[in-house]
Amino acid sequence: MNNIKHLTFAVDQGLRSLPFAALYDGNEFLIEQYSVSLMPSLALTNLEYVDIKSLDVLAMGADTFTEKSPLPAVPVELEIVSNVVWEGKSYLNDGFSTENLKAIRSEVPYRLVHLATHGDFKTGDPSQSFISFGDQELGLHELRELGLHQPPVELMVLSACNTALGDRQAELGFAGLAVLAGVKSALGSLWYVSDIGTLGLIAEFYQQLGKQPIKSEALRQTQLAMIRGDVQFENGALITEEQTFPLPATLEQMGDRQLTHPYYWSAFTIIGNPW
């Protein structure tokens, strides 16, 4: 036996949007046997291993927008990521801009970057695809302007919709282009994800990052916890495998919710370096 524990997929157009973690053989999902990731190009991927457990995170996001629906879970997500489960700094709404991101990283070289916001990918013209920085939209073609390679970001979490979805011109979407722009690993999504479901996944993921040896295994353990029902919303709180997070009144009204369905956990995938 080769004792294989991880599968990296480098696939052609048409297969990149598959949620490989949710492939099912009639008895179990693929993620129950292996951690998985996607790689734009083996030759262009930095495979050096760096232990990220001691790195602080720069977490930024927005919960209110002029022309888009609100994301009420984002303030809780940023608090959990930067102050409860992990250490770092967070910026919400007014502090969430491309200029501020570049200015902050020029002073403090954050190697973990977390963006919680809206995103959308549309085939064709790259300018039609965007990540929202508040009411400013960063086009797909503008991603390199963020200077993510100076210094290289070890992990960029794109907690938004369609951030790992691409086409022939932009393989693996924003997450893939982030890797090509100098990010070693990016966590992105393959479809329009649930705001509340993403909160549960992100909270568990950062807890797992502090325990697992590699990023892809942290995501796998997160997905397994969700499959088992260990991550859920009950009695006005987010319950994860090890912690309980009280929710503000804006989220309590969503009621109890299980997150075991693949819709909640299989959209997110690691792009680039799986370690």
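The values are calculated or read from the model by the stated rules, or taken from the named source; none is laboratory data. No experiment lies behind these values; they were computed from the predicted model shown. FYI the Cβ positions are ideal-geometry reconstructions off the backbone, even for glycines, and counts take in every protein chain you see.
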Over region 9-35, the set of residues touching a residue at least 12 places away in the same chain (Cβ under 8 Å) and assigned to a strand (DSSP E or B) is Phe9, Phe29, Ser35
| said: Against the definition (in contact with a Cys (Cβ under 8 Å, 6 or more places away or on another chain), in contact (Cβ under 8 Å) with a residue 12 or more places away in the chain and charged (D, E, K, R)), how does Asp135 come out, yes or no? | reply: no
Apart from one, (1) under 21 Å from Glu217 (Cβ atoms); (2) loosely packed, with under 15 Cβ neighbours inside 10 Å all hold for Val81; the odd one out is (2)
Within region 206-231, of all residues that are without any contact (Cβ under 8 Å) to a residue 24 or more places away in the chain and in contact with a helix residue (DSSP H, G or I) (Cβ under 6 Å, 6 or more places away or on another chain), the one surrounded by the fewest Cβ atoms within 10 Å (Cβ to Cβ) is Gln212
Only one of Ala203, Ala181 is farther than 24 Å from Glu67 by Cβ, buried (at least 20 other Cβ atoms within 10 Å of the Cβ) and in contact with a Leu (Cβ under 9 Å, 6 or more places away or on another chain), namely Ala203
Subset of region 161-193, residues modelled with pLDDT under 85, of a type in the set (Gly, Ala, Ser) and closer than 21 Å to Ala62 by Cβ, comes to Ala164, Gly173, Ala175
- Has region 239-249 got at least one residue that is of a type in the set (Gly, Ala, Ser) and under 24 Å from Gln128 (Cα atoms)? no
Worksheet item: Is it the case that region 122-136 has a residue that's modelled with pLDDT of 95 or more, outside any helix (DSSP H, G or I) and either under 24 Å from Leu247 (Cα atoms) or over 17 Å from the mean Cα position of the chain (by Cα) (or both)?
Response: no
Okay, strands (runs of 3 or more DSSP E) sitting entirely in region 162-266 with 1 or more residues that are within 17 Å of the chain's Cα centre (by Cα) and within 21 Å of Arg111 (Cβ to Cβ), I get 185-189
